[in-house]
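**Q** Take a look at this one; I'll ask things after.
The values are calculated or read from the model by the stated rules, or taken from the named source; none is laboratory data. This is a predicted model, so every value here is computed, not measured. Cβ placement follows ideal geometry from the backbone for every residue including glycine, while neighbour counts extend to all protein chains displayed. Heavy atoms of the whole protein, side chains included, go into the accessibility calculation; ligands, DNA and RNA do not. Shrake-Rupley method; radii C 1.70, N 1.55, O 1.52, S 1.80 Å.
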Amino acid sequence: MKTDVANRFIWYKGEILNVNDAKINILAPTAQFGLNVFEGIPCYWNDEEKQLYAFRLDDHYDRLLRSAKLIQINCPYSKDDMKKALIDVIKANEYDENLSVRQTLFVDGFGSWGSSDPTDMFVAPIPKGKTSSEYNKKGLNCCVTSWRRISDTTLSPRIKCGANYINSRAGQREALRNGYDTCIFLNDAGKVSEGPGSCFFMVVNGTLITPQLTDSVLESITRDTVIKLAKEQGISVVERSVDRTELYTCDEAFLCGSAMEITPILSIDKYSIGNGEAGMITGELHKAYLDAAKGKNQNLKSWVTPIY
Ligand SMILES: Cc1ncc(COP(=O)(O)O)c(C=O)c1O
């Protein structure tokens, strides 16, 4: 049955329910301490094939299991169980549009921040319509936030857990207070790390440069996709530490992630990037990204899972 967003079906602890009927204990560690790990899994509607494709599903589940292991919460489900839950709940909603599917393992019960069980899962599709958001086309005016990115020595950004987003929030709220769209974080060493919910790339003299995975960044699936797509197009890619001043003189820059796809950066701390418009390489990579995610790139068909 087709659902409206407020009454959509979600998969919750093994059942498919109206989202309003999925009740959580207010004392649960997930509610009180953000003790959960999650994925935002992009699904794209391919209108020619009348098919919905989930993008890089196995890679999302591998990261979810790494996050659960690192934060020491038990996962009661296999990868096949997780995949089936995602497919079943999308089918229940009869979605034929782009989605971001939030798939979350959470610590339930009456425990505290040190608890590791009981753990359960929900799968909640978030409908996104049939086109990329206007946000992506417009581009972003960014600042470098005064807050540092969390580090592997305190709260690892490698773990995609709810609590980590409070650091993201600090930077994002500062950016919005000061009239910017979003921010870029520096890490403990003062090198560029990432955005609050995205990875950072810049183009200098035709070379794509991004911080290393050890520079306090999430092991982003879009980051990996961009690197592979760029190499496929013959663009050289360098993963290395980036200084703050390099941000101000690069030719192109963008943030990328499952939610924002590949979104051009127009300025950083009011320094124009390139000519202040979306860059050419950025645009080409965005197009290649959408082709891959919609199952239109025959060489990369193994990255997509058909839902129907
Ligand atoms: C902090 C952070 N960095 C990077 C990303 C991009 O990761 P992915 O490409 O796997 O969505 C996200 C989004 O989940 C994020 O929250």
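**Q** From (1) at pLDDT 95 or above; (2) in contact with a Phe, Trp or Tyr (Cβ under 9 Å, 6 or more places away or on another chain), pick out the condition that doesn't hold for Asn20.
**A** The single condition Asn20 does not satisfy is (2).
**Q** Give segment 257-283 a look and list any residue that's open to solvent by 20 Å² or more (accessible area, probe 1.4 Å) and part of a helix (DSSP H, G or I), or say none.
**A** Within segment 257-283, Met280, Ile281, Gly283 meet the criteria.
To keep it simple, each residue is scored yes or no on (1) assigned by TED's automatic domain parsing to the domain that holds Glu39; (2) modelled with pLDDT of 95 or more; (3) basic (Lys, Arg).
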{"site": "Ile235", "(1), (2), (3)": "no, yes, no"}
{"site": "Glu239", "(1), (2), (3)": "no, yes, no"}
{"site": "Leu247", "(1), (2), (3)": "no, yes, no"}
{"site": "Leu255", "(1), (2), (3)": "no, yes, no"}
{"site": "Ile265", "(1), (2), (3)": "no, yes, no"}
{"site": "Lys270", "(1), (2), (3)": "no, yes, yes"}
{"site": "Asn275", "(1), (2), (3)": "no, no, no"}
{"site": "Thr282", "(1), (2), (3)": "no, yes, no"}
{"site": "Tyr289", "(1), (2), (3)": "no, yes, no"}
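**Q** Still on this model: Restricting attention to segment 214-223, which residues are part of a loop (DSSP other than H, G, I, E, B) and within 11 Å of the ligand (Cβ to nearest atom)?
**A** Matches in segment 214-223: Ser216, Val217, Leu218, Glu219, Ser220.
**Q** Does segment 195-209 include one or more residues that are closer than 26 Å to Leu35 by Cα, open to solvent by less than 10 Å² (accessible area, probe 1.4 Å) and not polar (S, T, N, Q)?
**A** Within segment 195-209 (the criterion being closer than 26 Å to Leu35 by Cα, open to solvent by less than 10 Å² (accessible area, probe 1.4 Å) and not polar (S, T, N, Q)), the answer is yes, since at least one residue qualifies.
**Q** Among the candidates Ser156, Ser100, which residue alone is at pLDDT 95 or above, surrounded by fewer than 20 Cβ atoms within 10 Å (Cβ to Cβ) and outside the structural domain of Asp58 (by TED's automatic domain parsing)?
**A** One residue alone meets the criteria, Ser156.
**Q** Mind checking which pairs have a first residue in segment 286-308 that is under 24 Å from Glu94 (Cβ atoms) and a second that is at pLDDT below 95 and assigned to a loop (DSSP other than H, G, I, E, B), Cβ under 8 Å, 6 or more apart or different chains?
**A** If the second residue must be at pLDDT below 95 and assigned to a loop (DSSP other than H, G, I, E, B), the pairs left are Leu290/Ser132.
**Q** Being within 16 Å of the chain's Cα centre (by Cα) and not in a loop (DSSP other than H, G, I, E, B) is true for just one of Val203, Val226, Val238, Val144. Which residue is that?
**A** Working: Val203 fails: within 16 Å of the chain's Cα centre (by Cα); Val238 fails: within 16 Å of the chain's Cα centre (by Cα); Val144 fails: within 16 Å of the chain's Cα centre (by Cα).
The unique qualifying residue is Val226.
**Q** Now a separate question. Name the single residue that is nearest to the ligand (Cβ to nearest atom) among those in segment 40-73 being open to solvent by 20 Å² or more (accessible area, probe 1.4 Å) and part of a loop (DSSP other than H, G, I, E, B).
**A** Gln72
**Q** Check segment 244-253 and report whether any residue there is within 16 Å of the ligand (Cβ to nearest atom), surrounded by 22 or more Cβ atoms within 10 Å (Cβ to Cβ) and among the hydrophobic types (A, V, I, L, M, F, W, C).
**A** yes
Here's the yes/no breakdown for (1) under 23 Å from Gly276 (Cβ atoms); (2) near the ligand (Cβ under 10 Å from one of its atoms):
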| residue | (1), (2) |
| --- | --- |
| Asp152 | no, no |
| Cys161 | no, no |
| Ile166 | no, no |
| Leu176 | yes, no |
| Gly195 | yes, yes |
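**Q** Would you mind finding the one in Val37, Val89 that is within 16 Å of the ligand (Cβ to nearest atom) and either more than 24 Å from Lys296 (Cα to Cα) or out of contact with any helix residue (DSSP H, G or I) (no Cβ under 9 Å at 6 or more places or on another chain) (or both)?
**A** Only one candidate qualifies: Val37.
**Q** Quick one: is Glu232 free of Cβ contacts under 8 Å to residues at least 40 places away in the same chain, more than 10 Å from the ligand (Cβ to nearest atom) and more than 17 Å from Lys138 (Cβ to Cβ)?
**A** Details: free of Cβ contacts under 8 Å to residues at least 40 places away in the same chain: no; more than 10 Å from the ligand (Cβ to nearest atom): yes; more than 17 Å from Lys138 (Cβ to Cβ): yes.
So Glu232 does not fit the description; no.
**Q** Kindly indicate which of Ala163, Ala124 is over 25 Å from Ala253 (Cα atoms) and not assigned by TED's automatic domain parsing to the domain that holds Tyr289.
**A** Ala124
**Q** Mind counting the residues in segment 150-167 that are in a loop (DSSP other than H, G, I, E, B) and not basic (Lys, Arg)?
**A** 9
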